[in-house]
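S.K.: This structure is in structure tokens; I'll ask about it shortly.
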Amino acid sequence: MKSKTSLFNKTIFVSNIKRVWPFWGLLSFAAIIPSVFIAMEKIRGYGIFSIDPMDIKHMYYVFAAYGAPFIAFGSAMIAAMIVWNYLYFPKSVGFFHSIPISKTGLFVTQFASGLAIMLIPYLIGGAIFILTLLLIGGGFSMATFVCIGAVIADSFFFFSFATLIAHLTGHILALPALYLAFNFICIALENIINFVISNFVYGLVYDMSAKTGFLTPVYKLLSDVDVYTRYTEWNPNSYGGIELVEVRLDHYEWILIYAAVGVVFTIGSLMLYNKRKSEAAGDVISTKCLKPVILTVYVISVTCLLGMLLYYIFAEGVTYSKINVCMAILCFGVALTIGYYTGIMLLEKTVKVFKKKYLTGLAIGAVLTVAMILCVKFDAFRVERRVPKLGQVKSVDVLSINDVTLVAGRDDDLIRKTIDMHKYILENKDVVISRQKNYTDDNVYYGSLNLIYELKDGSKLSRYYPIVLNKNMDKEFLDKYRDFACDQDLIELILHGNDGYEISDLNYDIYWLQEDDHSYSDRFTPEESPDKIKKMCDAIRADLRAGLWTPGFSEEESVAHINIEYKKLDQKTSERAYYSYDYVYVEVKPSMVNTLKAISELKGVPYEQTEKEIKEYLDSFNEGNYISRGYDEDSGFMVEVYDITE
Amino acid sequence: MIEIKDLVKTFDGFKALDGTNIVVPKGSVYGLVGPNGAGKSTVIRHILGIYKEDSGSVTIDGTPVWDNQSVKERCASIPDDWYYFPNATIKEMMHYYKGIYKNFSEERYEKLKEAFPIDEKKMIRHLSKGMQKQVAFWLALSTMPECLILDEPVDGLDPVMRRQVWSLMMSDVSERGTTVLVSSHNLRELEDVCDHVGIMDKGKVLIERDLNELQDNMVKLQVVFGADVTEVPKDIPVLHVSKLGRVFTLIMRMNAERAMEVLKPYSPMLVDAIPLTLEEIFIYELGGENYEVKDIVI
């Protein structure tokens, strides 16, 4: 087996494959199991496995979309550790770099070995699977080749990524750590920074985001590449009752994009390999210029997370969006110091890092941390104070607590009203925040406003404000908020089923009726009980018009709740209709007589009986004369005080 | 054949090689000696193409070694810590070498079985250190190298096997003109096999010479002066002096004839020239570099 070319050595290749046969052997065994299962099912005559061409196509696409990237993500890391681990030990790197093969040839041979280790189980398992399908009457289709292509492309991409990581480090344990870190660092850092900022900037709320999702390949592939299916209506004659009539793989271009990126990674790895020094074996990061980058990312992550934890423990709390500058500097400063020195310890593999030469980096980090804290405190980037202008806004959505839509639309009046409310909240920020801290008065009103602006430039601006108001102290704010938050017109449209709104489900819980320790509940769908849905909606509309129901909040105790789920057509194409879904949540109060009458009729009981049951329910709830409700500082709970003396 | 010119290599600010110059003539046995940390192993790794020089050049037959497949095909090495695959048998390693080295001779491999009586089906990791070294030799010699680079080659071998190994190497040198570079602390053995010597210290080669020339360039004299001479006259250039009774032992950096002439004016009663061993040359040459045996009394 003497090599005739200098770009590939068959001996080294075969030796690499042979030496790790337990790894790919085990994976191959696992890959064969589905075929064995199908064959056994067929032999036993159960026929659970469908050989319908569409179902087989579906199965291939599901594997291509969800199985292949997931498996490739994990096996690439192991394959890279197997073929590149010789770079991490002086003895082995000395051997491989002294044998008569060019560096490029050695790289190509090792790369091919790693890819082969990943693909052998697919080859064995896939071949047996296709053979099994053919034997039981299934066939070939384009989907088979699409699946094979996806498997190869995903394997190539993830292995090239793992190879690139392998050439950035000189330590075997650093490879999997860096591989996992680099795979998720962008999305993780995005969320860490969002989390920290959202705790200090009034109006920002932490929401799991993925703007940098495309830099997290496994996330992007699993979330974007999906399988579209279309079924027929119920058919008792077909397998399973419904028939799959169309299936395709959507957004597969991402597989191709990442495969192309894999080519770039491979070339980059080869360049790193040719420049690599053998004496880097054992170093955590073998490419010196990357050390500051990795250290910086690590320090930012630790400073944010640990700093937040310390601030939460020692400061007065982070949920009120007012940063205590001194405490923040102290907590984040400590976190920065810990992050900085532990980072250097990990990179240099020594605990003796408290030297003068590292002080400059710490000083720079400290200055930047203090600068960021002061920027947040004084809103230097005008994030907190940002309110869009009328001409910039395309549409608004305003959601309350529990994501219920309060107002939504595109007309200028609504947008102007929203902007006014937004400014008003910012002007009275201190009032609202001070109320949040102190629930000492009774009849406190609380809600929230999530303002979502869709801007004309295509971007979105979102702000979330918990609103806590006291009816005696904040009357002006309260009236303004109540006037804004209740979009009666919108609710009318929804309940009446106009303007594209369709009720899809209505369910309710009656608190005054208990069955087996649960509130009595019922549910109606438009297919089964359209008249009952109409009855209930008409009753709620009547209470709304009469002012007996105010969406969002009320002083009275609830005696039931009704959840009305609806959908609205957003877009329709020749193939699909796209709906948005939301719900109206109705807290039923004793004053909502129309709604209670409707409930009585649906239950088949007289309204007088319902009134009596409600009174008994409310009386049993109050053990005595209600006096007040407030926050007890000693216990940390909200308490209600009743006079139970006769 | 092997030429190193002005080789400089730095590791994290530490200059391991500082303008090293070595010439190993074709077909010679070159002994590279030096104290611990002199840079011998670093030089060897450059010759094998493991390290890339920061500056300078490393060539074999005028061709740079770095990333040069054709040069490496003609070289074999036995490092002080030889690498093998963890679960490989001798036979499996042989097949591996056979697939990599173009000139690997299976016939030679079979012939060398007599010299290295180890069961080739055994796993290398189950062998003793000395036996592993033997396997390293076995495989290295089977690649029919033109150039053999050895770092502490006989470390761990029993005396019989040492002799066996040196004998095999010498026969390669004489029959095939193999060039050998060997680094070792065992100067007594090197003296028997080397024809060229380079003495290294602190990243530089201090002396590089034909061994005979080296030995000719330094002499050890046992001298008895007249009764009136109690100390060695100061104008006699000596590297080292020791005295036992009236007998002075002088180490002088010159040949024997020249040394006699220098001593003549002092009319010594007895002068006897004794050849220096390589070990003594090593010690006394480096003595001028502040490297000397210190009499430490514990």
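S.K.: Output the helices (runs of 4 or more DSSP H) that fall wholly within the range A:417-515 and possess 2 or more residues being at pLDDT 80 or above, or say none. Steps first, please.
M.R.: Values: elements: A:429-437, A:475-485, A:488-496.
Result: A:429-437.
S.K.: Now a separate question. Report yes if residue B:140 is out of contact with any strand residue (DSSP E or B) (no Cβ under 8 Å at 6 or more places or on another chain) and in the same structural domain as residue B:50 (by the TED database), otherwise no.
M.R.: Working: out of contact with any strand residue (DSSP E or B) (no Cβ under 8 Å at 6 or more places or on another chain): no; in the same structural domain as residue B:50 (by the TED database): yes.
When the stated conditions are applied, residue B:140 does not pass them.
S.K.: For residues that are closer than 22 Å to residue A:286 by Cβ and in contact (Cβ under 8 Å) with a residue 12 or more places away in the chain, tally how many sit in the range A:349-366.
M.R.: 4
S.K.: Counting only residues that are in a helix (DSSP H, G or I) and touching a Phe, Trp or Tyr at 6+ places or on another chain (Cβ under 9 Å), which one in the range A:87-97 is farthest from the other protein chains (Cβ to nearest Cβ)?
M.R.: Taking the range A:87-97 as the starting set, the residues that turn out to be in a helix (DSSP H, G or I) are A:87-88, A:90-97.
So of that shortlist, the ones also touching a Phe, Trp or Tyr at 6+ places or on another chain (Cβ under 9 Å) come out as A:87, A:91-97.
Values: A:87: 12, A:91: 5, A:92: 5, A:93: 7, A:94: 5, A:95: 4, A:96: 8, A:97: 5 Å.
Among residues in the range A:87-97 that are in a helix (DSSP H, G or I) and touching a Phe, Trp or Tyr at 6+ places or on another chain (Cβ under 9 Å), the one farthest from the other protein chains (Cβ to nearest Cβ) is A:87.
S.K.: Follow-up. Taking the stated definitions as given, is residue A:188 in a helix (DSSP H, G or I), over 25 Å from the mean Cα position of the chain (by Cα) and among the hydrophobic types (A, V, I, L, M, F, W, C)? Write out each step before concluding.
M.R.: Values: in a helix (DSSP H, G or I): yes; over 25 Å from the mean Cα position of the chain (by Cα): no; among the hydrophobic types (A, V, I, L, M, F, W, C): yes.
Criteria not met by residue A:188.
S.K.: All but one of (1) within 35 Å of the chain's Cα centre (by Cα); (2) in a helix (DSSP H, G or I) hold for residue A:49; state the number of the condition that does not hold.
M.R.: It is condition (2) that residue A:49 fails.
S.K.: Suppose the filter is within 20 Å of residue B:154 (Cβ to Cβ), of a type in the set (A, V, I, L, M), away from chain A (no Cβ under 13 Å) and in contact with a strand residue (DSSP E or B) (Cβ under 7 Å, 6 or more places away or on another chain); does residue B:43 pass it?
M.R.: Details: within 20 Å of residue B:154 (Cβ to Cβ): yes; of a type in the set (A, V, I, L, M): yes; away from chain A (no Cβ under 13 Å): yes; in contact with a strand residue (DSSP E or B) (Cβ under 7 Å, 6 or more places away or on another chain): yes.
Yes.
S.K.: Okay, next question. Taking the stated definitions as given, is residue B:113 of a type in the set (D, E, K, R), part of a loop (DSSP other than H, G, I, E, B) and under 20 Å from residue A:6 (Cβ atoms)? Step through it out loud before you land on a result.
M.R.: Working: of a type in the set (D, E, K, R): yes; part of a loop (DSSP other than H, G, I, E, B): yes; under 20 Å from residue A:6 (Cβ atoms): no.
No.
S.K.: When you look at residue B:199, is it crowded, with 20+ Cβ neighbours inside 10 Å and not polar (S, T, N, Q), yes or no?
M.R.: yes
S.K.: Assigned to a helix (DSSP H, G or I), within 14 Å of chain B (Cβ to nearest Cβ) and farther than 29 Å from residue A:171 by Cβ - does that describe any residue in the range A:70-86? Outline the logic, then answer.
M.R.: Quick first cut of the range A:70-86, residues assigned to a helix (DSSP H, G or I) only: A:70-86.
Filter once more, so that each one left must be within 14 Å of chain B (Cβ to nearest Cβ): A:82-83, A:85-86.
From what's left, farther than 29 Å from residue A:171 by Cβ: none.
Within the range A:70-86, none of the residues are assigned to a helix (DSSP H, G or I), within 14 Å of chain B (Cβ to nearest Cβ) and farther than 29 Å from residue A:171 by Cβ.
S.K.: Any residue at all in the range A:223-231 that is assigned to a strand (DSSP E or B), under 22 Å from residue A:74 (Cβ atoms) and modelled with pLDDT of 85 or more? Explain how you work it out, then say what you get.
M.R.: Here is the first cut: in the range A:223-231, the ones assigned to a strand (DSSP E or B) are A:226-231.
Checking which are under 22 Å from residue A:74 (Cβ atoms) leaves us with A:226-227.
Those still in the list that are modelled with pLDDT of 85 or more too: A:226-227.
Checked the range A:223-231: at least one residue is assigned to a strand (DSSP E or B), under 22 Å from residue A:74 (Cβ atoms) and modelled with pLDDT of 85 or more.
S.K.: Please identify the pairs in which a residue from the range B:75-86 that is facing chain A (nearest Cβ under 8 Å) has its Cβ atom under 7 Å from the Cβ atom of a residue that is buried (at least 16 other Cβ atoms within 10 Å of the Cβ) and of a type in the set (Ser, Thr, Tyr), counting only partners at least 6 apart or on another chain.
M.R.: B:77/A:98; B:83/A:92
S.K.: Condition check: modelled with pLDDT under 85 and either outside the structural domain of residue B:130 (by the TED database) or out of contact with any Leu (no Cβ under 6 Å at 6 or more places or on another chain) (or both). Does residue B:230 satisfy that?
M.R.: Numbers: modelled with pLDDT under 85: yes; either outside the structural domain of residue B:130 (by the TED database) or out of contact with any Leu (no Cβ under 6 Å at 6 or more places or on another chain) (or both): yes.
Yes.
To keep it simple, each residue is scored yes or no on (1) outside any helix (DSSP H, G or I); (2) farther than 30 Å from residue A:464 by Cβ; (3) over 33 Å from the mean Cα position of the chain (by Cα).
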| site | (1), (2), (3) |
| --- | --- |
| A:106 | no, yes, yes |
| A:115 | no, yes, no |
| A:122 | no, yes, no |
| A:144 | no, yes, no |
| A:165 | no, yes, no |
| A:195 | no, no, no |
| A:199 | no, no, no |
| A:202 | yes, no, no |
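The rows are residues; the columns are (1) at pLDDT below 90; (2) not assigned by TED's automatic domain parsing to the domain that holds residue A:60.
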{"site": "A:132", "(1), (2)": "yes, no"}
{"site": "A:135", "(1), (2)": "yes, no"}
{"site": "A:138", "(1), (2)": "yes, no"}
{"site": "A:141", "(1), (2)": "yes, no"}
{"site": "A:151", "(1), (2)": "no, no"}
{"site": "A:158", "(1), (2)": "no, no"}
{"site": "A:161", "(1), (2)": "no, no"}
{"site": "A:182", "(1), (2)": "yes, yes"}
{"site": "A:188", "(1), (2)": "yes, yes"}
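S.K.: Among (1) surrounded by fewer than 19 Cβ atoms within 10 Å (Cβ to Cβ); (2) in contact (Cβ under 8 Å) with a residue 40 or more places away in the chain; (3) under 19 Å from the mean Cα position of the chain (by Cα), which single condition is residue B:125 missing?
M.R.: (3)
S.K.: What pairs come up if the first residue lies in the range A:331-347 and is farther than 11 Å from residue A:311 by Cβ, the second is acidic (Asp, Glu) and crowded, with 17+ Cβ neighbours inside 10 Å, and their beta carbons are under 9 Å apart, counting only those six or more places apart or on different chains?
M.R.: Cβ pairs passing all conditions: A:347/A:283.
S.K.: Can you tell me which condition residue A:242 does not meet? The list is (1) within 14 Å of chain B (Cβ to nearest Cβ); (2) part of a loop (DSSP other than H, G, I, E, B), and all the others hold.
M.R.: Failed condition: (1).
S.K.: Being modelled with pLDDT under 85, of a type in the set (Val, Ile, Thr) and more than 26 Å from residue B:38 (Cα to Cα) is the filter here, so list the residues in the range B:243-298 that pass it.
M.R.: Hits for the range B:243-298 are B:274, B:297, B:298.
S.K.: Could you go through the range A:25-33 and let me know if any residue there is in the same structural domain as residue A:223 (by TED's automatic domain parsing) and touching a His at 6+ places or on another chain (Cβ under 8 Å). Write out each step before concluding.
M.R.: Let us first name the residues in the range A:25-33 that are in the same structural domain as residue A:223 (by TED's automatic domain parsing), namely A:25-33.
With the extra rule that they be touching a His at 6+ places or on another chain (Cβ under 8 Å), the set shrinks to none.
So far as the range A:25-33 goes, no, none of its residues is in the same structural domain as residue A:223 (by TED's automatic domain parsing) and touching a His at 6+ places or on another chain (Cβ under 8 Å).
S.K.: From the residues in the range B:206-224 that are outside any loop (DSSP other than H, G, I, E, B) and hydrophobic (A, V, I, L, M, F, W, C), which one is farthest from residue B:20 (Cα to Cα)? Spell out the reasoning first.
M.R.: Taking the range B:206-224 as the starting set, the residues that turn out to be outside any loop (DSSP other than H, G, I, E, B) are B:206-216, B:219-224.
When the remaining residues are screened for being hydrophobic (A, V, I, L, M, F, W, C), the result is B:206-207, B:211, B:214, B:219, B:221, B:223-224.
On the way: B:206: 9, B:207: 11, B:211: 19, B:214: 19, B:219: 27, B:221: 33, B:223: 38, B:224: 41 Å.
Taking the candidates together, the pick is B:224.
S.K.: Before we move on, is residue A:361 closer than 22 Å to residue A:330 by Cβ and surrounded by 16 or more Cβ atoms within 10 Å (Cβ to Cβ)? Don't jump to the end; show me each part of the working.
M.R.: On the way: closer than 22 Å to residue A:330 by Cβ: yes; surrounded by 16 or more Cβ atoms within 10 Å (Cβ to Cβ): yes.
The answer is yes for residue A:361.
S.K.: Check off (1) within 14 Å of chain A (Cβ to nearest Cβ); (2) free of Cβ contacts under 8 Å to residues at least 24 places away in the same chain for residue B:145 and give me the number that stays unchecked.
M.R.: (2)
The values are calculated or read from the model by the stated rules, or taken from the named source; none is laboratory data. What you are looking at is a predicted structure, and each value in this text was computed from that prediction instead of being measured. As a convention, Cβ positions derive from the backbone with ideal geometry for all residues, glycine included, and neighbour counts pool all protein chains shown.
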